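Enquirer: Quick one: the structure is below, and I'll ask about it shortly.
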Amino acid sequence: MDHGTWIMDHLKCRDRKLIFLACALAAFAYLPILNNGFIADDYVILKRIEILKIHPLYLYQVPPENFRFVSYLIFGFFKLLVGYQAWPFYAFNIALHVTNVVLLWRLLRIILDDEFTAQLAVLFFAVFQAPQEAVMWLAAMNETTLLFFTLLTLIAWSRKRYGAAALAYACALFSKESAVVVTLLALLLDLYKEKRFVWRRYIWLAIPTAAFAALFLATVSNNFMLTSRTYSFGPHALLVLGKSLHRLLWPWFYIVVVIAWLAARKPPSWRRVAGYVGAIAVVMLPYIFIAYQTSIPSRQLYLASAVLMTMFAVLLCTITETSIFKLFVVVFIAFHVGYLWLRKDKQFEERAAPTTQLVNVLKRYPPQHAVIRNFAYPLPEIATSAALAATGWDPSLISVSDTGTDCHDCLLLDWKDPISGYKVVERR
């Protein structure tokens with residue numbers, strides 16, 4: 001039996017075998033990250049965990065971090081259990097991705113009323129690499145927690161359990177502030193399933209939204225993403241939306257459309273395709289005001305990818321009996337899993353190298369004044385926070401300098417590259 005036939009046999013099962021396969025593939029696809037170290041902002045979060053023990057409201061001094069509180073709870077829990085050992089953090093985030101696969105399947109069964117299409121969608125979402133940063137970078141865990149609570153909200157909403165939906169939505173808002181888009185998703189869900197809008201039920205979502213708005217406005221003057229113009233409102237958002245959409249869709253969306261058009265007896269409805277692309281654009285809206293680049297970072301495409309993979313499944317479900325469908329499923333899975341293993345894991349290891357190697361160097365020396373020259377990240381706080389992972393070292397002992405000329409009686413660490421690491425110079 002060839003691989004295509006084996007996958008098709010599982011695809012046609014009406015039980016949960018394909019869901020188990022999707023979960024297994026989701027875990028397998030991200031398995032290589034278990035031996036990666038903490039990356040950049042991960043250390044800043046770990047440092048802030050200690051501050052929160054003394055000042056529980058500290059995050060309100062550094063907004064919008066107060067709206068990522070769920071991630072801080074998770075970091076705090078695992079730091080208490082395992083300290084600065086990274087792999088349990090990664091294992092949890094992989095498990096969260098697997099859980100999101102299951103929740104997405106449960107939601108799509110309700111929305112689409114088609115078991116086959118729902119299973120196919122989550123199979124694609126399990127391995128789709130475009131939003132890899134959400135799983136492979138711990139500081140981006142706010143995206144996986146956001147989708148978790150978003151799916152819980154929509155599942156409860158679709159079952160008319162509005163109190164439970166409001167509670168899950170409140171948790172989503174404290175996973176990441178972009179959760180405000182969930183209200184729009186609930187509206188789209190109602191219009192799709194019931195073809196009508198019943199405004200009274202939205203009072204349930206209006207309550208947490210109002211509380212969020214009050215907190216956001218109260219802290220907006222200290223919101224570093226706005227004061228530093230990392231995010232800013234303006235017409236450039238349209239450029240970001242267009243470019244980000246194209247980058248997310250390329251090339252698989254165009255391949256799927258061509259396959260569906262050529263192989264299906266009845267060509268896909270362009271109106272339906274446009275509707276799905278519109279839904280993808282809706283979930284991107286909170287991110288399109290980014291000002292430091294012209295496209296949305298991969299971590300912020302996690303929710304949009306769930307919608308895109310659903311569209312793939314809807315388009316392809318009409319050609320399941322064809323050989324080209326079997327080929328596409330096999331190639332899609334193999335490509336994305338292979339890309340994560342062979343390309344992306346290496347990239348994230350390189351991103352972790354400046355802090356991982358810094359901690360390893362500091363562990364070899366007694367605590368003393370140390371100056372880091374040519375540090376790979378622009379924020380000195382990343383270096384000083386990483387020092388806490390080395391026993392006895394304190395952030396106050398670490399300085400970041402472009403020249404290192406102020407280091408007369410200290411340990412000078414000169415960053416070269418991920419392969420060469422740090423050149424160490426002891427000055428006495």
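The values are calculated or read from the model by the stated rules, or taken from the named source; none is laboratory data. Keep in mind the model is a prediction, meaning the values are calculated, not measured. Cβ atoms come from the backbone with ideal geometry, glycine included; neighbour counts cover every protein chain shown.
Enquirer: Can you run down the residue pairs with Cβ atoms below 7 Å, 6 or more apart or on separate chains, where the first is in region 377-395 and over 20 Å from Leu80 (Cβ atoms) and the partner is of a type in the set (D, E, K, R) and crowded, with 17+ Cβ neighbours inside 10 Å?
Expert: These pairs meet every condition: Ile382/Asp41.
Enquirer: Additional query: For Ala211, all conditions in the list (1) surrounded by fewer than 12 Cβ atoms within 10 Å (Cβ to Cβ); (2) of a type in the set (Gly, Ala, Ser); (3) under 26 Å from the mean Cα position of the chain (by Cα) hold save one; what is the number of the exception?
Expert: Here Ala211 clears every test but (1).
Enquirer: For residues that are assigned to a helix (DSSP H, G or I) and either closer than 30 Å to Val337 by Cα or not basic (Lys, Arg) (or both), tally how many sit in region 33-51.
Expert: The total comes to 12.
Enquirer: I want to confirm something. Restricting to region 297-339 and keeping residues that are more than 23 Å from Lys266 (Cα to Cα) and in contact with a Leu (Cβ under 8 Å, 6 or more places away or on another chain), which single residue is surrounded by the fewest Cβ atoms within 10 Å (Cβ to Cβ)?
Expert: Filtering first and then ranking leaves Val337.
Enquirer: Sort through Ser385, Ser401 and tell me the only one that's among the hydroxyl-bearing types (Ser, Thr, Tyr), in contact with a Phe, Trp or Tyr (Cβ under 7 Å, 6 or more places away or on another chain), surrounded by 15 or more Cβ atoms within 10 Å (Cβ to Cβ) and under 22 Å from Lys47 (Cα atoms).
Expert: On inspection, the qualifying residue turns out to be Ser385.
Enquirer: From the residues in region 263-276 that are surrounded by fewer than 17 Cβ atoms within 10 Å (Cβ to Cβ) and without any contact (Cβ under 8 Å) to a residue 40 or more places away in the chain, which one is farthest from Gln300 (Cα to Cα)?
Expert: The selected residue is Pro267.
Enquirer: So if I check each of Ala126, Ala156, Ala121, which one is surrounded by fewer than 24 Cβ atoms within 10 Å (Cβ to Cβ), in contact with a helix residue (DSSP H, G or I) (Cβ under 7 Å, 6 or more places away or on another chain) and in the same structural domain as Phe92 (by TED's automatic domain parsing)?
Expert: That would be Ala156, the only listed residue that is surrounded by fewer than 24 Cβ atoms within 10 Å (Cβ to Cβ), in contact with a helix residue (DSSP H, G or I) (Cβ under 7 Å, 6 or more places away or on another chain) and in the same structural domain as Phe92 (by TED's automatic domain parsing).
Enquirer: What are the residues in region 52-108 that are assigned to a loop (DSSP other than H, G, I, E, B) and surrounded by fewer than 20 Cβ atoms within 10 Å (Cβ to Cβ), if any?
Expert: Of everything in region 52-108, those that are assigned to a loop (DSSP other than H, G, I, E, B) and surrounded by fewer than 20 Cβ atoms within 10 Å (Cβ to Cβ) turn out to be His55, Pro56, Leu57, Val62, Gly83, Tyr84, Gln85.
Enquirer: Hey, among Ser178, Ser221, which residue is hydroxyl-bearing (Ser, Thr, Tyr), without any contact (Cβ under 8 Å) to a residue 12 or more places away in the chain and either part of a helix (DSSP H, G or I) or in the same structural domain as Pro64 (by TED's automatic domain parsing) (or both)?
Expert: Ser221
Enquirer: Say we look at region 227-254 and pick out the residues that are among the β-branched types (Val, Ile, Thr) and surrounded by fewer than 18 Cβ atoms within 10 Å (Cβ to Cβ); which of these is nearest to Ala281 (Cα to Cα)?
Expert: Here the residue is Thr230.
Enquirer: One residue is enough: does region 191-199 have a residue meeting the conditions aliphatic (A, V, I, L, M) and assigned by TED's automatic domain parsing to the domain that holds Gln61?
Expert: Yes.
Enquirer: A follow-up question, please. Quick one: which residue in Ile203, Ile207 is within 21 Å of Val182 (Cα to Cα), touching a residue at least 40 places away in the same chain (Cβ under 8 Å), out of contact with any Leu (no Cβ under 6 Å at 6 or more places or on another chain) and in a helix (DSSP H, G or I)?
Expert: The match here is Ile207.
Enquirer: Can I ask one more? If you scan region 193-208, which residues turn out to be surrounded by 12 or more Cβ atoms within 10 Å (Cβ to Cβ) and either farther than 18 Å from Ala165 by Cα or of a type outside the set (Phe, Trp, Tyr) (or both)?
Expert: Lys193, Arg201, Leu205, Ala206, Ile207, Pro208 - these are the residues of region 193-208 that are surrounded by 12 or more Cβ atoms within 10 Å (Cβ to Cβ) and either farther than 18 Å from Ala165 by Cα or of a type outside the set (Phe, Trp, Tyr) (or both).
Enquirer: Right, something else. In a helix (DSSP H, G or I), of a type outside the set (D, E, K, R) and free of Cβ contacts under 8 Å to residues at least 60 places away in the same chain - does that describe any residue in region 139-148?
Expert: Yes, some residue in region 139-148 is in a helix (DSSP H, G or I), of a type outside the set (D, E, K, R) and free of Cβ contacts under 8 Å to residues at least 60 places away in the same chain.
Enquirer: The conditions are (1) outside any helix (DSSP H, G or I); (2) under 22 Å from the mean Cα position of the chain (by Cα), and Leu245 fails exactly one of them. Which is it?
Expert: (1)
Enquirer: Could you tell me whether Lys423 is basic (Lys, Arg) and either on the phi > 0 side of the Ramachandran plot or touching a residue at least 60 places away in the same chain (Cβ under 8 Å) (or both)?
Expert: Judged against the criteria, Lys423 is not a match.
Enquirer: So if I check each of Ala389, Ala353, which one is more than 23 Å from the chain's Cα centre (by Cα) and under 21 Å from Trp415 (Cα atoms)?
Expert: Checking each option against the conditions leaves just Ala389.
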